[in-house]
Structure formats: structure tokens, C-alpha cells
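No value in this document is a laboratory result; all are computed from the given coordinates. On a predicted model such as this, the values are computed, not experimentally measured, just so you know. Methodologically, a virtual Cβ is constructed for each residue, glycine included, from the backbone with ideal geometry; neighbour enumeration extends over all protein chains shown.
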Amino acid sequence: MKKTLSKIDKPLLIITILLCGIGLLMVFSSSTISAIHRYNKSITYFFIRQLIFMIVSFIGGFVIIHIPTKWYKKISWLLIIAIIVSLTSLLVYGEITNHVQSWFYIPHTGFALQPSEFAKSFTIIFMATYYNSLIKKKNKNILAYFVPFIISIILGVLILMQPDFGSAMILLAIAFCIFISIPMEKSNLPKILLILGIGGIILVLTLLYSGAEILNSDQMSRFNFRNPCQRYTEESGYQVCNGFIAINNGGLTGVGVGNSTQKYLYLPESHTDFIFPIFIEELGLISGLFVILLYILLLYRILKIAKSAYNLRNSIIAYGTFWLFTFHIIINLCGILSLLPLTGVPLPLMSYGGSSTINFLGMIFLTQRVAIENKETQYKLELKKLTN
């Protein structure tokens, strides 16, 4: 056990703990007013829940780092079937919150489960085990390479039907980035591009002529995201403009922890999607840049682990985690800065949320498992060289 823990990527662990600590502090500070006046709860309500999510995640992470990644091959199909069933059931039994049917509420607990968050990580695990097996068998059937991508599209469509545009686009983007990175013969590239093109056209035509309302009017309005303060009466304009005000109030050094004015219900999602503007308001732009630097270092460590992997399965797991965090960070920050439409995407390890927190930390610890196996393989190879 001690040997396993000694092989984890320590810089990645330190960065993860720092971001979790900052996130906990800001969840407490940004949620106190809304907890009392909007939800009729105690001021520590969201802080305690987020602390529970993180404790559960770290306990689960301790288990994850002791499970060899090769074992996931046995359950990868089960995970995909389970998430397809969950997403399908959600459309019938899920609770509607903020115009989106994305959560299963667990009776008598006050907790909710969001399957779309876990769909992203399950897709990464499935693609990692599937392609690792396919490449090992030297399978030359081009269509076999499209199986995980087709499954990802099915998951994406199910998430779009909730409708959750942000999660669907992130899942499909992760799947596409993994798919194009798979080692295949160059002679097959034209065929692959042709199949992708035809598939894309079929998907677009299906969505256009199915008669289904993929996005509701509220979500469609978010695509009008420029000049938010000129659209203050619109929901997206109202939120982003108040986010701008929070950032402007903070200046370089901030107004102090707990002294935000925008958290007084001006920003209704101050502890979730818009936690970063509150962070800058209270701790300043310099602190905001420090958090962005932490994210860059986090992504660098994950990328380094991915590049050091000795097999395709572990490489895809780490690269998938890299893309999971990258897309979430970019879409959240660009959304609050009015560079992209608002999509309700949480900021990793900072925004409040049970499913997202557990999923993000789960993938971090799975990447740590890859780092452990990298060191174990490297040690075996070096030992083999010495004995030869």
C-alpha cells in the first residue's frame, strides 16, 4: 500500500488539493446568501455538502489507485450499458430543474445524481479499453474503429434530449479527440473522413427533420451571448453582466473573502457556474490568474502522464482526462467572459456539485493510477536491462 502511494504523481496531488481547498472556501463564501434567502437553508448548507462530496471522492480515489487499469476491460461494456439505461430512464423519471431533466433525486437524502457527468468518464474508460484491445488484435476492419464513436453519439443525443447542450458537446468533443488520436494506417484516412462526413450529415438531417425540440427557447437564447450588459433584461445577459460587475469590483486584490456584493442574489448561480467571478471579486484578478496557473499546471501534469504511458489503454485514460478538464475550463471561463454561450458547465474542482466533483476527482485518481503503472513498468524495464 505504501509502495503504491509513493508512486503517485505528487505535483498533481498537491495541485488537486489546492484547487479543492480553494473551491471549498469559495463554495462557502459564495453560497451563504442564496442558502438562506433562496433555499431557506443554513449558511453552511452547500459547504457541508461539498465537503461530503470531496471526502467521498478522496476515499473512492484511494480505492481507484489500487485497481489495475487492465481490470476495467471486464466492466467497460457494463458501464456503457448502465449509462445508456440511466440516460434513457432519465427522460421518463428524471426531475426537471432549471428547464433541464438531468437529475435523479435520491429519496429522503436530499442528494441528486446527474448521469451526464458520469457519461463522460465512462466513455473515456470504454474507448481506452476497446481501442487497446482492438490495436492488440491488429484488427483491420475500419468499421470496428467506429463502434465507440457511434456509442458516444448515442450518448450525446440522449443528453441533448434532456436538453443539456453543454454536456453533450463536451462528451462528443472528448470522443472525437480520442478517436482521431488512435493509431491507424494512413491509407485508411480517406475512408474514415468519408464515413465521418456521411455520419455527420445524417445526424444533422435527423435532428433537423425529427421534429424534436433539442433545445428549449431559454437555451436557444443563450446563443445570443455578445454584449451582455446591453441585454440585461435577458437571463443570459443578466448573469454575464453581473459576472462582469463582480470581476470589475474585485480589481487586482479583491474586496476580501465574504465581502462580495454580487452574491446577494444578483448572480443566482454564484456557487456553481459563476463561482469564478465571485472568486475574483473577493480575492482579486491576481488570485484569479493564480487559479488559472494552477489549472495549466494540472493539465500539464496530466498530459505528461499520458505521454509517459506504456500502453494505449493508459494513454487514452490520461488524454481523455486532459480533454475532460480542458473543455470544462475553457467553456466555463469563456462563457462567463461572454466569449462563448452559457451552457451551465461547472468549473472543475471549484463549482459546487456532487456528480461533477465525484467525476472530476475520480478521473484525477484514475490518471494517478496510470502514473503508478508508468513507474512500475519503467522500473521493470530498467531491472530487465540490468539483468540482461
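What order do you get for 250-262, 56-68, 13-25, 304-316 when each peptide is scored by the mean count of other beta carbon atoms within 10 Å, highest first?
304-316, 13-25, 250-262, 56-68
Can you list the lysines whose alpha carbon is less than 24 Å from that of residue 263, not counting same-chain residues fewer than 8 positions off?
41
When the chain is treated as a GNM, springs tying every alpha-carbon pair under 10 Å, which of 328, 37, 271 comes out with the largest mean-square fluctuation?
Of the options given, 37 has the highest mean-square fluctuation.
In degrees, nearest 10, range 0 to 90: what is the angle between the Cα axis of helix 10-37 and the longest Cα principal axis of the chain?
30
How do the peptides 141-154, 120-133 rank, highest first, by the average count of neighbouring beta carbon atoms within 10 Å per residue?
120-133, 141-154
Distance check, please: which entries in 3/136; 7/138; 120/304; 74/138; 2/138; 10/140 exceed 28 angstrom between their Cα atoms?
In this structure, 3/136; 7/138; 2/138; 10/140 lie more than 28 Å apart at Cα.
Counting Lys +1, Arg +1, Asp -1, Glu -1, what net charge surrounds residue 255 among other residues with beta carbon under 9 Å of its beta carbon?
Once positives and negatives cancel, what remains is -2.
In whole Å, how far is the Cα centre of the stretch 335-360 from that of the stretch 2-57?
The distance from the Cα centre of the stretch 335-360 to that of the stretch 2-57 comes to 14 Å.
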